[in-house]
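The values are calculated or read from the model by the stated rules, or taken from the named source; none is laboratory data. Predicted model only: the values in this text are computed from it and were never measured. So basically every Cβ, Gly included, is an ideal-geometry build from the backbone, and we count neighbours across all protein chains shown.
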C-alpha cells in the first residue's frame, strides 16, 4: 500500500463514495447497484454522514434529496438532532439547508424546526467539492435556499426517480418499523431487541441515541402489550420478546438481524476523511504527520475497542502512521459490506 | 532512553506539536543528562529531559513553574508518538520551594547557554560544562549515585570545583553539608580544594 496521504485519500474517497451510493440505493435511490449490509441501515446516521462527506458527489447528494422528498416522513428529526450533536457530525449547516429545502416543499413541519438548528456558514462556500477537495465552482445562478444557509450550488432539479423504501429488505428494517409503529423510540427499541437476546433501558438509550427516560417509559408501555417481558437483573430490568412470534413476523423465521452502531462508525469515517484533508493541506514533516494521524485514530480505536459489534475485528494501531489509516479504511470496508 | 540523535528527534516533534496546537513559543533551559549528551560532554543515555528554568522574552531566567498546559499537552502528544514515559519532559529540578531555580542558579549561567532552535515554537538552551559541574556537585552531595560518576567524568579543574562548592554552600549553609562536600572532594582526589572550603 502506498505510504502517501494523498494516495490514501484517493482510495478512501472512492470507498466512501461507493458506500454512500450502495447505501442510498439500498434504501430506494435509483440508478446504482444496491448494497447489501450486515444489518439495517440507520437513516439518521446516513443522512448526517451524507450532509458532510456526501459533498464530494453532487449527483449522490441530489439523489438523497430526491429520496427524502419521497421517504422523508419516516426520518426521525429529533433523533437526527441527537445523533448530530452526540457524535459531532460536521454537516449541521448543510443539514439545516436540506431541512429548509424539504420544509419549502411542504414536507412536514418537522423539517422547518430543523432548518434553523445550525447557523449559516459565512462567508458562503461552494457546497460541492472536486476530487482534489477544491470547491466545485458554481457558474450559473445559485439555489436560494442553500444560499441562505451559506452554500453555493446550482438550483436543484429533482429527477423524481427515487422509490419508496423496499420494506421487505433487511437493510430497510428501521424504516419498516417506523411505517408500522410510527416515527418514535419504539422502532429503535424493537430494532435493538431484534438484534440482542435481551437488554436494559440504559444500554438501549445509549446505543440508540435517545434519553434514558424516553426508553424506560416506552419499554414499560411496550411491556403492557404482553409481547415483551422483563426480568430483574440486579438494579435494572432486562427486556426481551416473550417468544419468537413477533420477531418472526417482523424479520422472518430464518433471518438474523445484526446490530451495527452506524453513528459510531460513520462519525469516525467522517473524522478520518476531513482530518486527513487538513493534515495533507498542512504539508507536515513525516514525524509530525504521523503524530497527527495517531492523535486522530487513538480515540477512534478506544471507541471501537468498547464496541461489541467490532469485537471480532482486527483493529489498526494508531502509531503506524499512514498504515494505520489504511487499516481503518480496510476495517470500514469490511464492516460495511455483507459478510 | 535518549541518546543525542533520539533527543533531537523528540524535541523536533515537540516543536511540531507546539506549532500544531498553536501554543505560545517556549524557551527551555535544560540541565542534567540530556544537557550532557546534547553538548557532547558525556556519551551516555538518559531517561528524561530536566528543565531547570525558562527564559523569558528578555532572556532572563525564570523558574519553570507553573508548568504551562500547552507544553504539557505537546509533551504528552510527543510521548505518545515515541512511547516515552509521561514525565519525559519535566521541571523536577525546579519544581518547588527548594528547587534549583528558586534557590538560585550559578551566576552568569544564562551567558554560557548552548542554544538550539527547533522552529518558531521551541528554543532549547543546554547549560554549559561549568554549570554542569556546579549542579552535579550539588546533586552528588544530595543524592550521590551516578551524579558522582558524572561529576568525576567532567574532570573539573580545582578552580571550577572551588567555584561550584562556594555556590553549593549558598544553598545549604549547614556544617553537615560542608563536611559532606569535603568528604566527597577527598574521595574524588581533590584534597587541596577540600582544605580550602
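Checked against (1) in contact with a strand residue (DSSP E or B) (Cβ under 6 Å, 6 or more places away or on another chain); (2) assigned to a loop (DSSP other than H, G, I, E, B), residue B:71 passes all but a single condition, namely (2). Listed conditions (1) out of contact with any strand residue (DSSP E or B) (no Cβ under 6 Å at 6 or more places or on another chain); (2) surrounded by fewer than 22 Cβ atoms within 10 Å (Cβ to Cβ); (3) under 23 Å from residue A:273 (Cβ atoms) are all met by residue A:105, apart from (3).
Of the candidates B:165, B:173, the single residue that is free of Cβ contacts under 8 Å to residues at least 40 places away in the same chain, on the phi < 0 side of the Ramachandran plot and outside any helix (DSSP H, G or I) is B:173. Residue check: residue B:59 meets all listed conditions (1) more than 14 Å from chain A (Cβ to nearest Cβ); (2) touching a helix residue (DSSP H, G or I) at 6+ places or on another chain (Cβ under 7 Å); (3) more than 28 Å from residue B:151 (Cβ to Cβ); (4) in contact (Cβ under 8 Å) with a residue 60 or more places away in the chain but one, namely (4).
Got at least one residue in the stretch B:79-92 being surrounded by fewer than 21 Cβ atoms within 10 Å (Cβ to Cβ) and assigned to a strand (DSSP E or B)? Yes, some residue in the stretch B:79-92 is surrounded by fewer than 21 Cβ atoms within 10 Å (Cβ to Cβ) and assigned to a strand (DSSP E or B).
For residues in the stretch A:267-281 being within 13 Å of chain B (Cβ to nearest Cβ) and closer than 23 Å to residue A:86 by Cβ, which is surrounded by the fewest Cβ atoms within 10 Å (Cβ to Cβ)? Residue satisfying both the conditions and the ranking: A:278. Every residue in the stretch B:163-181 that is crowded, with 18+ Cβ neighbours inside 10 Å and touching a helix residue (DSSP H, G or I) at 6+ places or on another chain (Cβ under 6 Å), please. Listed by number, the residues that qualify are B:164, B:165, B:167, B:168, B:181.
Note on the stretch A:302-325: residues that are crowded, with 18+ Cβ neighbours inside 10 Å, in a helix (DSSP H, G or I) and more than 9 Å from chain B (Cβ to nearest Cβ) amount to 6. Looking at the stretch A:282-299, is at least one residue surrounded by 15 or more Cβ atoms within 10 Å (Cβ to Cβ), in contact with a helix residue (DSSP H, G or I) (Cβ under 9 Å, 6 or more places away or on another chain) and away from chain B (no Cβ under 12 Å)? There is no residue in the stretch A:282-299 that is surrounded by 15 or more Cβ atoms within 10 Å (Cβ to Cβ), in contact with a helix residue (DSSP H, G or I) (Cβ under 9 Å, 6 or more places away or on another chain) and away from chain B (no Cβ under 12 Å). Just one of the numbered conditions (1) touching a helix residue (DSSP H, G or I) at 6+ places or on another chain (Cβ under 7 Å); (2) within 13 Å of chain B (Cβ to nearest Cβ) is not true of residue A:264: (2). Among the listed residues A:230, A:225, identify the single one that is in contact with a strand residue (DSSP E or B) (Cβ under 9 Å, 6 or more places away or on another chain), away from chain B (no Cβ under 14 Å), more than 16 Å from residue A:188 (Cβ to Cβ) and without any contact (Cβ under 8 Å) to a residue 40 or more places away in the chain. It is A:230. Only one entry of A:257, A:179, A:205 meets the criterion of being outside any strand (DSSP E or B) and modelled with pLDDT under 90, and that entry is A:257.
Here residue A:31 clears all of (1) within 19 Å of residue A:126 (Cβ to Cβ); (2) touching a residue at least 40 places away in the same chain (Cβ under 8 Å) except the condition numbered (1). In the stretch A:1-20, the qualifying residues are those that are within 16 Å of the chain's Cα centre (by Cα) and buried (at least 21 other Cβ atoms within 10 Å of the Cβ), and the one that is farthest from residue A:55 (Cα to Cα) is A:19.
Can you tell me which residue in the stretch B:11-50 is farthest from the other protein chains (Cβ to nearest Cβ), limited to those that are free of Cβ contacts under 8 Å to residues at least 40 places away in the same chain and more than 29 Å from residue B:149 (Cβ to Cβ)? Ranking the qualifying residues of the stretch B:11-50, first place goes to B:22.
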